[in-house]
Amino acid sequence: MSAMFSRRTGWKLTPNRFTQAQRELAESGREVLDLTVSNPTRVGLAYDAETILKSLSDPAVLDYDPQPRGLRNAREAVAAYYRQQHSLGISPDSIILTTSTSEGYSYIFRLLCNAEDEVLVPKPSYPLFEFLADLQDVKLVPYPLIYDHGWQIDFHSLSKAMNQRTRAVVIVHPNNPTGSFISTAERTALNDFCRANNLALIVDEVFLDYAHDGARRKSFVDNTDVLTFTLSGLSKISALPQMKLGWIVTSGPEDEVNAAMERLEIIADTYLSVSTPIQVAAGVLLDVRKKLQPLLCDRLRQNLTELDLQLARNKSCCRLEVEAGWYAVVRVPATQSDEDLAIELIRTKSVLVHPGHFYDFPSDGFLIVSLITAPDIFRQGLQRILEES
């Protein structure tokens, strides 16, 4: 039967031990304290339901105007977000709307790569990249982030990872799950590296607005030194993952940007995947962030404070430095594999956390917890994890 299907879908489809343990816990009927939650619609936030629902009832949603880059008003709403939130002026003509950042990655991989070409990706980072690359016949080559009182790019290893098939470098700003931003010095070095090697820069900024110190960090949407594709979307900006709207902002040398946009427009025109109602509502849905982001930032700070309080009473565990995002990395004694420890916590404590290997941490001794978890659940879950650690 397997000969019927493509090699690119030849994944191991049987559930791994961690997933199986999760299923067993769910089927047991026991109370589960889930410290892996990533869905903001299920963590007790107060949404303005009336405003959101009303935005989807505009009569304009009944008209179909297939625009490959996306409806002008929707792209203008994205440009307005960058102007208001980040004091950056970008042209709506530099924006391609997509249903998600995942689709944005697929467009860019298709634009830049032939089959078996390579893209450099950070490690640790989010595991979704592997599936996206498989589906586009692209090979991912990791380059390490190193930790020393904060995370940095290992530029020596980045250079060694490159070869004649390398087409682009992916950076996540801030990284998921390390919560580390690209520094000004790293930005300069990345531009120099990409320019010297004729590489594009792919920048994932979905968590850009969630700096824990409240300060704004510089976006890459105005990076003109090299061809740059910056991805973001409603999922994190407005905490609306069900409203499927993402985008690609293209910047860089003018001739390269023009050539890229012409090709991206054809790719987007082939699918025309973004729904009209969401595009019509884009301005309102982006404005939702003005009420939701303060709530989420308060939640992040509250849970990070709780994590530090509990870790202060536990001498064998600590957390790594985190600047932004929805996750924290906890360093624990490496007495067993991270997967074994996470499974043990499921079976003996009814607590879900992610093992570090889920994000490609290079060694054992790391657990990842979600800082958007409801505070009571977060507090109780940490108590169970740390009480005997």
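The values are calculated or read from the model by the stated rules, or taken from the named source; none is laboratory data. In this text, all values refer to a predicted model and were calculated from it rather than measured experimentally. Glycine also receives a Cβ, built like all others from the backbone with ideal geometry; neighbour counts cover every protein chain displayed.
Under 15 Å from the mean Cα position of the chain (by Cα) and not in a strand (DSSP E or B): does that describe residue 182?
Values: under 15 Å from the mean Cα position of the chain (by Cα): yes; not in a strand (DSSP E or B): yes.
Yes.
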So which of 264, 234, 208 ends up being under 29 Å from residue 60 (Cβ atoms), modelled with pLDDT of 95 or more and under 15 Å from the mean Cα position of the chain (by Cα)? 234
Among the residues of segment 129-172, the number that are touching a residue at least 24 places away in the same chain (Cβ under 8 Å), assigned to a loop (DSSP other than H, G, I, E, B) and within 22 Å of the chain's Cα centre (by Cα) is 4
How about segment 17-39: which of its residues are farther than 27 Å from residue 296 by Cα and in contact (Cβ under 8 Å) with a residue 12 or more places away in the chain? 17, 18, 21, 24, 25, 30
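Kindly indicate the residue of segment 34-53 that is outside any loop (DSSP other than H, G, I, E, B) and not hydrophobic (A, V, I, L, M, F, W, C) and also nearest to the chain's Cα centre (by Cα) among those meeting that condition. Full working, then the answer.
Narrowing segment 34-53 to residues outside any loop (DSSP other than H, G, I, E, B): 34, 40-42, 49-53.
Applying the additional criterion that residues be not hydrophobic (A, V, I, L, M, F, W, C) yields 34, 40-42, 50-51.
Details: 34: 20, 40: 14, 41: 17, 42: 18, 50: 28, 51: 26 Å.
Result: 40.
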Working only within segment 259-284, note down all residues that are among the charged types (D, E, K, R) and either in contact with a helix residue (DSSP H, G or I) (Cβ under 8 Å, 6 or more places away or on another chain) or without any contact (Cβ under 8 Å) to a residue 60 or more places away in the chain (or both). 262, 263
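From the set of residues in segment 313-365 that are assigned to a loop (DSSP other than H, G, I, E, B) and among the hydrophobic types (A, V, I, L, M, F, W, C), which is surrounded by the fewest Cβ atoms within 10 Å (Cβ to Cβ)? It would help to see each step written out before you state the result.
Pass one, segment 313-365, residues assigned to a loop (DSSP other than H, G, I, E, B): 313-317, 320-323, 325-326, 332-337, 350, 353, 360-365.
Next, from what is left, pick out any that are among the hydrophobic types (A, V, I, L, M, F, W, C): 317, 320, 322, 326, 332, 334, 353, 361.
Numbers: 317: 19, 320: 17, 322: 22, 326: 25, 332: 21, 334: 13, 353: 25, 361: 20.
For segment 313-365, the residue satisfying everything is 334.
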State whether the residues of segment 285-300 include one that is in a loop (DSSP other than H, G, I, E, B), more than 21 Å from the chain's Cα centre (by Cα), modelled with pLDDT of 95 or more and over 18 Å from residue 379 (Cβ atoms). no
In this structure, does residue 80 turn out to be part of a helix (DSSP H, G or I) and without any contact (Cβ under 8 Å) to a residue 24 or more places away in the chain? no
Exactly one condition in (1) closer than 23 Å to residue 77 by Cα; (2) surrounded by 15 or more Cβ atoms within 10 Å (Cβ to Cβ); (3) in the same structural domain as residue 73 (by TED's automatic domain parsing) is not met by residue 200; state its number. (1)
Under 30 Å from residue 379 (Cα atoms), surrounded by 12 or more Cβ atoms within 10 Å (Cβ to Cβ) and at pLDDT 95 or above: is that true of residue 44 in this structure? yes
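May I ask you to verify whether residue 41 is over 21 Å from residue 257 (Cα atoms), of a type in the set (Val, Ile, Thr) and in contact with a His (Cβ under 7 Å, 6 or more places away or on another chain)?
Numbers: over 21 Å from residue 257 (Cα atoms): yes; of a type in the set (Val, Ile, Thr): yes; in contact with a His (Cβ under 7 Å, 6 or more places away or on another chain): no.
Against the criterion (over 21 Å from residue 257 (Cα atoms), of a type in the set (Val, Ile, Thr) and in contact with a His (Cβ under 7 Å, 6 or more places away or on another chain)), residue 41 does not qualify.
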